[in-house]
Amino acid sequence: MEPCFTPDQAYAEAGRCLLCFDAPCSKGCPAGTDPGTFIRKLRLRNIKGAIATVKNNNILGGICGILCPVSGLCEKECAATPIDRPIQIGRVQRFLIEHGRKLKFNPLEKKEPNNINIAIIGCGPSGLSCAAELAKEGFSVDIFEKKPKPGGVMRYLIPDHRLSKEFLNEELKDISSLGVNIRYKSPVESGEELEKLLKEGYRAVYIATGTWGMKSLGLASVYKGFYNAKEFLEKCKSTEKPDMKKIISGKRVCVIGGGDTAIDAAESALILDAKDVSIVYRRSFAQMPGDENGKIEALKSGINFLILTQPVKYLTNGGRITGIEAVRNKLGTSDTSGRPRPVPISGSSHIISTDIIIEAIGFGPEDDSKMLFEKFKLSEKGLILVDEKTGTTSKKSFYAGGDITRGPSLIPEAVADGKRAAKAILEDMELS
Amino acid sequence: MAKLLDLSIDFCDVKFPNPVLLSSSPVSNTAEMIGRAFEYGFGGVAYKTLGFDNIKIIHPSPRMAGYTYGSNNLIGLQNVEQITDRPLQDNLMDIEYLKKHWSNHVVIASIMGFSEEEWIELAKMAAGSGADILELNFSCPHMTVEGSGMKVGQSFGLIEKFTSTVRNVVDIPILAKMTPNITDITEPALSAKKGGADGLTAINTVRALTEIGLDDNVPKPNVAGIGAMSGYSGPAIKPIGLRCVTELAQCTDLNLPIAGCGGIETWVDTTEYLLCGASLVQITTGVVHYGYRIVEDILEGLSYYMEEKGFKSISEIVGKALPNIQPTDRFDLSRQGVGEYDLDRCVGCGQCYIVCQDAGGQCIDWDYDKRRPVHDEEKCLGCMICSFICPVSDPPLISYREVKNKKSVIPPVSE
Ligand SMILES: Cc1cc2nc3c(=O)[nH]c(=O)nc-3n(C[C@H](O)[C@H](O)[C@H](O)COP(=O)(O)OP(=O)(O)OC[C@H]3O[C@@H](n4cnc5c(N)ncnc54)[C@H](O)[C@@H]3O)c2cc1C
Ligand SMILES: Cc1cc2nc3c(=O)[nH]c(=O)nc-3n(C[C@H](O)[C@H](O)[C@H](O)COP(=O)(O)O)c2cc1C
Ligand code: SF4
C-alpha cells in the first residue's frame, strides 16, 4: 500500500482546498462521506471533528480513502481542478482515519439499546455499513456470513498490495466496538431459511450477498493452469495451500478481460514473479472499463496489453494449458454500452503461448442465488430489484443493497446502500 | 456538529452560551446576518458600532484590501470602513429583534459618540433596545470625523470622561474597546476602569499600511487614487492581540474581564487567547475569510481540547498561560542546548547550511558528495533557526536538545 500522508502533508493538502460553497466533491461521493466538510474541519485545525465526520458518515472511511476510484468520484468534481489540480481527497480521508487510530480517538456513539433485532445476510462492505448504522441507533444486529471471516470482497478478493489485511482488521474493529454480532460460516441457503429469520424474531432483514458468480467464455473445462479471477485472487490471498507463488513463479500468464478485476489478477501474478503477464482484451485500450489510473499503473509495471484480441480456443497438452488461439479484432459500430463493437478480422488467427489463463470477464449473482431469492422480484440478470430511495425489496421486511442489487459496482456505493437501508429500517420501525 | 461539552461562561455577570462572538464590523451589520451567525453557533455578538445620524457616514469604496502571502490568502486585511452607515433607528430595531428571537444569546451594542451628549443618548437608546452589554468604541484607527475613535483611545482623559458619562446613564455592564496603537495598553485601560468600565475588549485593528501599488504608487485599498494609514486585522495581528490581552490580564490594578480579539480563525487561536487571560473572543476577519461556518470548528475543537485536558469549564482555561509569561530577565540562562539532527530522513536541500552560515553560528559544514549537512554540536549556538526552515517534519528532523554545562559559544575575532 502507498504510504499514508503525514499530518503536515494532510494540512498542506487541505490548505489547497477552496472550501467551496455547496461543495461539489461532497456531491460526487456516493457514500455521503462529505469530503467538503471534513477537509474544511482539517483546514481549520479541528482534526478530531474531521475524523468524526468521516467515521460517522462512512464506517469504512479509511478503506474508501484507499480503494475508491476517486478520479471518477469526489475528486472528479473538485473545483480546484481548473486552476490547480484536484485535492487528493482519498488520501486526506485515509490520513484522518489512520491519525484517529494513532490518537486512539473513537467518535462512534451508540444510543440506548432498543431491543429490536435485525438480521443482515453478508458481511461485505454493504452489510457492515448497514450493521454499523443500525448498531449506532441502538438496534441489536446479527450478521450471517458464509465465509469464516468478515469483509466480503475486501477480505477475499482485493489483493493485499492494494489493501493490507492489517488495515482491514483495524477498520473492522470499530464495527465490533459497536457490538455488532457476526456469525461466521453461517450461509443462508434457501428461501425458507430467509423467511424463518422473521419468525425467529428478526424484525427486518438486509440482504447484501454480493455477486460471487463468475461469467465464463465457456472455452475451458477443468484444465491445469486455468482459473477464473475470483478463484485465482482468493487463492493468492489465502495462507492455505497450495502456495500460489510456487505455481505462478516463472510462468507465462494471460489474463482475459479489461476491468479492474483483470488488472488485479495481472498485478497479483506479477507480484508472484510470473515471467510474463499479459492482459488479453477484445476492444481497445480506451474502452477498457478499468480505472484509468489503474490501467496506467499496470502498463508501467510491465504488464503487456494485448488489445483487440479475442480468444477463440484454449490449447492444452495432457490437460494442461499451453496457449490461446486468438483472432485480431477491429472496432466496429457502437453497441448498447455505447462502445464500439469488436469485429474479428478474418485470417488473423494466431497463437499466444501461455502456461496460465485467468478469466476475468465479469461477476454476476451466484448460480444458487436463484433459489435463495425465488420469492423476490429480480432483474433479468438475477439481481434483486429494490426501491431506489429506501432499498426495500418486493417482500415486506426485506431490504437489499450492494452488488446483489446493482451488479458489480463499488465499495462507496455498497456503503451508501447499507446506510440507506438502515435509515429506511429505522423509519419503518418508528412507524410500526 | 458533534455533541459539545458545556462551553458557557459568565462575563460581567452575563451568561454566554459559549465564548465565541462576532466582533463589531460588517460581519455583525444586521439582525438577519447575526441571526444566521447564531444559528451556526456563535454565542453572542458585538453589534456593528452605532452612531448618530446627524453625521452621515459614507463608506469609502473600495473599503478593504486583502493581504496575501505566498499562496496564503488573507493572512491580513486592511480596511477603511467607518462605523455603521445604517440609520440608528433601524439598528435599534434590529437589536430588539435579536433579543426577542435569541434570548439566550448575548448582544453587545458597540457605540461611538462624537460628543458627550451623543455618548449619553446612544448609551440610553442601545440599553433601551435590550442590549445586554455596551461596548464603547475608543479604538477605530481611521474615523474621518474629528475627535472620535482611536483619537479618544489615545487620550486618557477623554476615555475616563466618556466612560463615566455612559456609566452615569446606564446600569448594564460597559466594555471599553482598546486600540493597540499605543505604547502601553494598560494606561488607557486603567482610565476606562476609573471611568467605570466593567470589562475590556482588545484589540481593535492595528494602524498599518499593507501594500503600495507599484504602478500607481497608491496604498491599498486604493480609494480613487488615495490610500490611508488604516486598520489592519486578521491572522497577522494575532501576536499583537495576544500581547495586549496578556498585558491587560497581568495588570493587577486592572483586574477586569477581557474579550480577546484579533486574528482568530480556529479553536487553537481561541484557546491561546483564553490561556492568555481572555474570557471571551471576538472575530471579524476569520468570518470575512471563511464565513460564519468556522464557529462550528472552533466550538468542536474547544470541546475536544477540554475533554483531552480534563477542563470542566471554559473559565478553568482562562489565564492558564499567564504564570509562564514573564520578563526576559527571569530566564534561566544556565540552561543551554543544541539542534539535534535526525539525518536518516534528510532530503538534502541544504537550507540549514545556508541559514546557519548566514544567520547562525557557522557550525554546519556541507558534504557536497552526500548532499548532507555536517553539524558540529560544539559550535552550535542552539538558536534553532535551522529547525524553522527545515522542510521535514512529523516529527521535526531538527529538534532542540538541552546540553548540561554547555560551554558558551562566542564567535572569535575575524582573521
Ligand atoms: C477483484 C475486485 C476488486 C475490486 N476493487 C475495488 C476497488 O478498488 N474499489 C471499489 O470501490 N470497489 C472495488 N471492487 C468492488 C467492490 O468490492 C464491491 O462493489 C463491494 O465489495 C460490494 O459489496 P457487497 O457488500 O455488496 O458485497 P461483497 O463484498 O461481495 O460481500 C458479500 C458477502 O456476503 C457473503 N455471502 C454471499 N452469499 C451469502 C449467503 N447466502 N449467506 C451468507 N453470506 C453470504 C459473502 O461471503 C460476502 O462476505 C472490487 C471488486 C472485485 C471483485
Ligand atoms: C471592515 C472592518 C470594519 C470594522 N468596523 C469596526 C467597527 O465598526 N467597530 C469596532 O469596534 N471595530 C471594528 N472593526 C474591528 C474589528 O471588530 C476587530 O476588532 C478587528 O478587526 C480585529 O479582529 P479580527 O482580526 O478578528 O478581524 C472593523 C474591522 C474590519 C475589518
Ligand atoms: S468515500 Fe470515496 S468517493 Fe467518497 S469522499 Fe471518500 S474517497 Fe471520495
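The values are calculated or read from the model by the stated rules, or taken from the named source; none is laboratory data. No experiment lies behind these values; they were computed from the predicted model shown. As a convention, Cβ positions derive from the backbone with ideal geometry for all residues, glycine included, and neighbour counts pool all protein chains shown. When the accessible area is computed, the model is the full protein with side chains, heavy atoms only, and any ligands, DNA or RNA have been set aside. Shrake-Rupley method; radii C 1.70, N 1.55, O 1.52, S 1.80 Å.
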Problem set entry | Any pair with Cβ under 6 angstrom, 6 or more apart, that starts in the range A:1-14 at a residue that is at the interface with chain B (Cβ under 10 Å from one of its Cβ atoms) and ends at one that is at pLDDT 95 or above and not in a loop (DSSP other than H, G, I, E, B) | A:F5/A:R91; A:F5/A:F95; A:A10/A:V92; A:A10/A:F95
Exercise. From the set of residues in the range A:113-142 that are among the polar types (S, T, N, Q) and part of a strand (DSSP E or B), which is nearest to ligand 2 (Cβ to nearest atom)?
Worked result: A:S140
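Residues are listed down the side, and each one gets a yes or a no for (1) open to solvent by 40 Å² or more (accessible area, probe 1.4 Å); (2) within 16 Å of ligand 1 (Cβ to nearest atom):
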site: A:E359; (1), (2): no, yes
site: A:F373; (1), (2): no, yes
site: A:K377; (1), (2): yes, no
site: A:K381; (1), (2): yes, yes
site: A:G391; (1), (2): no, yes
site: A:I404; (1), (2): no, yes
site: A:A421; (1), (2): no, yes
site: A:A424; (1), (2): no, no
site: A:M429; (1), (2): no, no
Seminar exercise, completed: Reported set for the range B:56-98 where residues are under 30 Å from B:E211 (Cβ atoms) and among the aliphatic types (A, V, I, L, M) is B:I57, B:I58, B:M64, B:A65, B:L74, B:I75, B:L77, B:V80, B:I83
Exercise. So which residues in the range B:279-312 are open to solvent by 10 Å² or more (accessible area, probe 1.4 Å), out of contact with any helix residue (DSSP H, G or I) (no Cβ under 8 Å at 6 or more places or on another chain) and away from chain A (no Cβ under 14 Å), if there are any at all?
Worked result: B:G310
Seminar exercise, completed: Screening A:L315, A:L331 for residues that are in a strand (DSSP E or B) and open to solvent by 70 Å² or more (accessible area, probe 1.4 Å) leaves only A:L331
Exercise. If the Cβ limit is 9 Å and pairs must be 6+ apart or interchain, which residue in the range B:59-85 that is more than 14 Å from chain A (Cβ to nearest Cβ) pairs with which residue that is assigned to a strand (DSSP E or B) and of a type in the set (K, R)?
Worked result: B:I83/B:K48; B:T84/B:K48
Exercise. For the subset of the range B:251-260 comprising residues that are open to solvent by less than 20 Å² (accessible area, probe 1.4 Å) and either in contact with a Phe, Trp or Tyr (Cβ under 8 Å, 6 or more places away or on another chain) or within 17 Å of B:Y290 (Cα to Cα) (or both), which member is farthest from the other protein chains (Cβ to nearest Cβ)?
Worked result: B:A259
Problem set entry | Residue, farthest from A:D367 (Cα to Cα), within the range A:185-220, restricted to residues that are open to solvent by 40 Å² or more (accessible area, probe 1.4 Å) and assigned to a strand (DSSP E or B) | A:R203
For this session: Please state which one of A:G65, A:G90, A:G49, A:G36 is among the small types (G, A, S), open to solvent by less than 20 Å² (accessible area, probe 1.4 Å), in a helix (DSSP H, G or I) and at the interface with chain B (Cβ under 10 Å from one of its Cβ atoms).
Result: A:G49
Exercise. Open to solvent by 20 Å² or more (accessible area, probe 1.4 Å) and under 30 Å from B:Y97 (Cα atoms): does that describe B:R167?
Worked result: yes
Exercise. When residues of the range B:264-278 are filtered for being within 12 Å of chain A (Cβ to nearest Cβ) and open to solvent by less than 30 Å² (accessible area, probe 1.4 Å), how many remain?
Worked result: 6
